[in-house]
Amino acid sequence: MHYRGVIVFMFLLRFLILDGQVKISGNLYDRETGRPISDATIQVDKHTALFFISDSTGNFQLTVPGLPCTLVIRHLSYEPLVYAVKDYQDYPLELYLTASENTLEEIFFAAPQNNARDNELRRVSLRSEAIDRLTSGFGEADIIRTLQSMPGIQKSSEINAALNVRGTGHGNNRIRLDGQDLHNSYHLMGIAPMFNPDILESITLHKSGFHPRSGNALSSFLNVETRKPDLYDNNFSASLSNLSGGIHYEGPLVSGKMSLLAAARYSYFDLVKTIYDNLHSGSENFKTLPGYRLHDIFLRLHFLPGKEWQGDLTVFHTEDRFNYERESLVLQTDWKNRLYSFNLTRSTDPFSHIKIHSGLSAYNFSGKYNPAFDILRQNDLLSWENEIEYGYFGEKGVSWQAGAFSSVRFYYLNSQEQVLDRTIRSAENVEYSFYSGIYGNLRFPINSWMELEKGIRLSYYRHIENYFRMAPRIQLNARQGNMAMNISYDRTYHYAHLISPLGFNMPADLWYPAGGNIAPQHADQYALHLSYDPGVLKANFGIFYKNMENLGELAPGAELISFQPADALINGSGEAYGIETGIHAELEDFRLDLYYTYSRSRRFFCQINDGAAFSPPYDLPHQVDINMTGDISTSWSWNLTWFWASGVVTTMPTGYAFLPHGGETLPYPLYTKLYNFRMPPSHRMDATLQYRVDRPAWNGRLSIGVYNLYHNSNPYFLYFTIGEEASGDIQVVPQKMAVFPFTPFLNLKIQWR
């Protein structure tokens, strides 16, 4: 009969534990418009573990230990509200927030956690308000170029807007838009921003301390979240810059239940080319400009299928076309990215959630080179991804998440060489891969100033062979006063290789699945981050070490086009280590950001340079970035940026052999070593002046500025010319190719509401 006593005791204990607990519910509204406010955080004062985030209808609910208590409510666009609940009262509460006079000030408030883990050297986060102020690139908000100015992210060349994070290449990252992978998402040499700024809500780049939901990449994870369209009001905007023009609309389809965001962008460089060619076609030494065209279309449907559910459907399509004709050379390339992402979220109570994701990504590239000796290339990648996650946030800082995932990928490569429409050589590859697994993550406090987070990712991968892999992650976060510390260890696996024949991101880059003699890549990273934040001045310091195995490289002498990837790739190992620092000074009308990175990267391949260690193109020992921003008045502001970076490592000929060709003798380059030359350092200053106007029915922003203010000729690449001296000796002369000198830019955006 003892079990009956136990049951009675547990029944009574349950009521003793719950005694005094009160459930509080309410709704948040805009004081001026009466519109519900979503994504606001409601926290119980003195109980940091008790919080809730209002849903799309402004509703919130949470359980407190007892009354009286104080609710602290925060939102990026509203003044904080402190509301005292003194006694039992009728629920739901109706609370009204006042719009903030300065919505540009960022307020970061998240789930209960030790914020030592939010060190900017470990994780870079930007919200829509900060993105809207960016003027990197040519006056447009370019998130990739902005991230390149952060510590640990190397600039590999003047106009190569790729993410080279902590000594690894851009093919070692994973970029996700609304939870779905994007493949080769860069535009031509990074000249145009990767995404239309009008669609962005937030971006987060993780460099270490990875959550176990992040996988299938070696180096970093970039999560891009687009904006949820407004459920109640209509908004229109139009923008114009040196490179492109765009339009944007968002508003309700069913008020309070369903809304749509639609945006489109189009570059008109092809129009500039036509005008230039018509004006100069009759002049001496006329050379036509290359033709380039870009357009993208974005749609996001947001809907509320039930009180506890939120759903989103994202559609993204982007297409680039590049044509170059000069003398006998003709280059025609087209590449497209298409993405479909479906996300469903259920919040059953203030402490738990369920997230469901399913999506499809497609990348297509086709190219044709030279009309006399045609080389045709087609490269397709299709992936279908699914994921489900359950998360729980406890009342005392304990939280955990568990999830499952799967991915199916289809790879297609077709290359042909033709002479007078006769195929003389061809290669076709069709490959499939399957990737799935589970993960779990647990975070819990050790004491009042320290917490531990542990996670694991178990994966199964199939291509030619079966691979079972375990990727553990652990981090320790501590904070005492103004000092904070984060220590982390991460193991990551990458089941695809990006083949970059040209050494920098271009649409001809080819993804190829690991398997067989091309082993999956993996890395172990150790990182320590420290921060000191007394108020006006903030300092960050970090060190990292990364050991990498089964890295992929093109074998020496491998063909760039019309090759068998499985035979052209070779495996090796590598390491990267470095120091990252950041200093921030913020006054009332002025902010200074100063970053310095010391980073080294080494590779070891038996087939390259006789096995000796060499530096890859993204080994840039030193990089300095300075960003200054100030307010002239409530309408005018200015921004000044400057960087200095070590030169990029490349391969240069060590000599020339003169061989007969037809009726003459021509020089042919001789290569004895790869990655044997470091180009000169790069440095550049950009300046921007911005004017903002805000009216009841509309607001506008005008950005004018200069790219490369003091006209520095940063080397994009080096090449050699052969000349004959007066003595008859042959002289090899190095030449520097620079792009974009002193270039004024303008960007105008107007929004109606």
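Any read-out appearing in this document is the output of simple, stated calculations on the displayed coordinates, not a laboratory observation. This structure is a prediction, so every number in the text was calculated from the model and none was measured. Here the Cβ positions follow ideal geometry from the backbone for every residue, glycine too, while neighbour counts run over all protein chains shown.
Which lysines have a Cα less than 17 Å from the Cα of LYS155, not counting those fewer than 8 places away in the same chain?
Once the sequence-local lysines are set aside, what remains near LYS155 is LYS207.
Subtract the Cα-Cα distance of VAL430 and ALA697 from 0.36 nm times their separation in residues, and report this length gain in nm to one decimal. It would help to have the intermediate numbers written out before the result.
Numbers: separation 267, 0.36 × 267 = 96.12 nm, distance 5.49 nm.
Contour length minus Cα-Cα distance gives 90.6 nm.
So how do 524-530, 211-217 stack up, highest first, on mean other-Cβ count within 10 Å? Write out the running numbers ahead of the final one.
Numbers: 524-530: 20.0, 211-217: 21.7.
Ranked by mean Cβ neighbours within 10 Å, highest first: 211-217, 524-530.
How far apart, in nanometres, would the label points at ARG462 and PHE658 be if each is projected 7 angstrom from Cα along the Cα-to-Cβ direction?
In this crude spin-label approximation the distance works out to 6.2 nm.
What nm value, rounded to one decimal, do you get for the distance between THR345 and ALA539 when each label is placed 7 Å out toward the C-beta?
3.8 nm
Under 28 Å Cα to Cα from LYS273, which lysines show up? Leave out anything in the same chain fewer than 8 places away.
Of all the lysines, those that pass the test against LYS273 - Cα under 28 Å, at least 8 places apart if same chain - are LYS287, LYS336, LYS368, LYS736, LYS749.
Assuming R0 = 41 Å, what is the FRET efficiency of ASN234 and ILE632, from their Cβ-Cβ distance, to the nearest 0.05?
Working: r = 33 Å, r/R0 = 0.80.
After rounding to 0.05, the efficiency reads 0.80.
Could you tell me the relative contact order of the range 123-752? Use alpha-carbon pairs under 8 Å, at least six residues apart, and round to a whole percent. Intermediate values should be presented prior to the final figure.
Details: 1739 pairs, mean separation 65.5, N = 630.
Rounded, it is 10 percent for the range 123-752.
What is the range 123-752 by shape, rounded, prolate or oblate, if you read a ≥ b ≥ c off the alpha carbon gyration tensor as root eigenvalues and call it rounded for a/c under 1.5, prolate for a/b larger than b/c, and oblate otherwise?
Values: a/c = 1.44, a/b = 1.27, b/c = 1.13.
In terms of gyration-tensor shape, rounded.
So for the pair PHE444, HIS295, with labels modelled 7 Å out along Cα→Cβ, what separation do we get in nm?
My value for the distance between the label points is 5.7 nm.
Go through ASN234, ALA162, ILE632 and say which Cα lies farthest out towards the positive end of the charge dipole of the range 123-752; charges sit on Cβ, +1 for Lys and Arg, -1 for Asp and Glu.
ASN234
Check the straight Cα-Cα distances from LYS257 and name the lysines below 27 Å, setting aside those fewer than 8 residues away within the same chain.
LYS23, LYS228, LYS307, LYS355
Between LEU452 and GLN332, what FRET efficiency follows from the Cβ-Cβ distance if R0 is 56 Å, with the result rounded to 0.05? Intermediate values should be presented prior to the final figure.
On the way: r = 56 Å, r/R0 = 0.99.
With R0 = 56 Å, the Cβ-Cβ based efficiency is 0.50.
Which cross-chain or sequence-distant (5 or more) residues have an amide H under 5 Å from the amide H of ASN59, H modelled 1.01 Å from N in plane?
For ASN59, the qualifying residues are LEU28.
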